[in-house]
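Take a look at the structure below.
The values are calculated or read from the model by the stated rules, or taken from the named source; none is laboratory data. If you're wondering where the values come from, they're calculated on a predicted model, not measured in any experiment. Note: ideal-geometry Cβ built from the backbone for every residue, glycine included; neighbour counts use all protein chains shown. All accessible areas refer to the heavy atoms of the entire protein, side chains included, with ligands and DNA or RNA removed. Shrake-Rupley method; radii C 1.70, N 1.55, O 1.52, S 1.80 Å.
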Amino acid sequence: VALSDGMGQGYVAYKESKLTLDVLSQLVKNGISLKDTINTVNALLKIKNQGDMYTTLDLFDFNLMSSRLKVIKYGAYESYLIRNQRIDTLKSHSLPIGMSSRLKMLSYDMKIQENDLFVIVSDGVGEHFLSILENVLLMNIHEMASFLYQKAFSKKDLDDMTIIVVKVICRD
């Protein structure tokens, strides 16, 4: 699962984030490692934009065979893990993609459990999003996604917004 938010506004920011996700998707589909994929996308944006445009990147790499998750965040807004009615915040500790020639690959590595919920958002949700999230702990995933969008949208300024909700379900 990946989310990219172009820094800036309008169509140009959209094109940069779309390019980031398109190239990322194609490289991963062709078996390129995540580290090499991210370095390639970073170099492409750096060359293409001459340092004028960057994109955030949230990448959630689920390994369903080992029940593990690697979360990679570059300049991205907070993401959230909801487990057993508790919210943990996953923060970015690095620059956006395309800003620096060399990226440090910092990631969270964790064991996933049945019924874990991951909420991945762009910064357009606003700074009060965590308090909104605290009101949805007992909702099902469909109600949660709808509620989060409606509440975040009602506080929205003029920025775009993306909300992704992922639930871990065991299937035998």
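Here are some notes:
- Whether a residue is modelled with pLDDT under 90 and exposed (fewer than 15 other Cβ atoms within 10 Å of the Cβ) was assessed, and Asn84 does not pass this test.
- For the range 51-75, taking the residues that are open to solvent by 20 Å² or more (accessible area, probe 1.4 Å) and of a type in the set (A, V, I, L, M), the one that is farthest from Pro96 (Cα to Cα) is identified as Met65.
- Subset of the range 129-145 (residues that are under 18 Å from the mean Cα position of the chain (by Cα) and open to solvent by 50 Å² or more (accessible area, probe 1.4 Å)): Leu130
- The residues in the range 30-50 that are open to solvent by 60 Å² or more (accessible area, probe 1.4 Å) and part of a loop (DSSP other than H, G, I, E, B) can be counted, and the count is 4.
- Members of the range 1-57 that are under 19 Å from Ser92 (Cα atoms) and hydroxyl-bearing (Ser, Thr, Tyr): Ser4, Ser17, Thr20, Thr37, Tyr54, Thr55, Thr56
- Top-ranked residue in the range 4-29 [being open to solvent by less than 50 Å² (accessible area, probe 1.4 Å) and of a type in the set (S, T, N, Q); ranked as farthest from the chain's Cα centre (by Cα)]: Ser25
- Annotation note: Cβ proximity below 9 Å between a residue of the range 24-52 that is closer than 17 Å to Ala2 by Cα and a residue that is of a type in the set (Asp, Glu) and exposed (fewer than 15 other Cβ atoms within 10 Å of the Cβ) (sequence gap 6+ or interchain) occurs for Leu27/Asp36.
- Leading residue by the ranking (nearest to Val168 (Cα to Cα)) among those in the range 97-117 that are buried (at least 18 other Cβ atoms within 10 Å of the Cβ) and in contact (Cβ under 8 Å) with a residue 60 or more places away in the chain: Ile97
- If the condition is being part of a helix (DSSP H, G or I), closer than 30 Å to Lys167 by Cβ and not aliphatic (A, V, I, L, M), then the range 1-29 contributes Tyr14, Glu16, Ser17, Lys18, Thr20, Asp22, Ser25, Gln26, Lys29.
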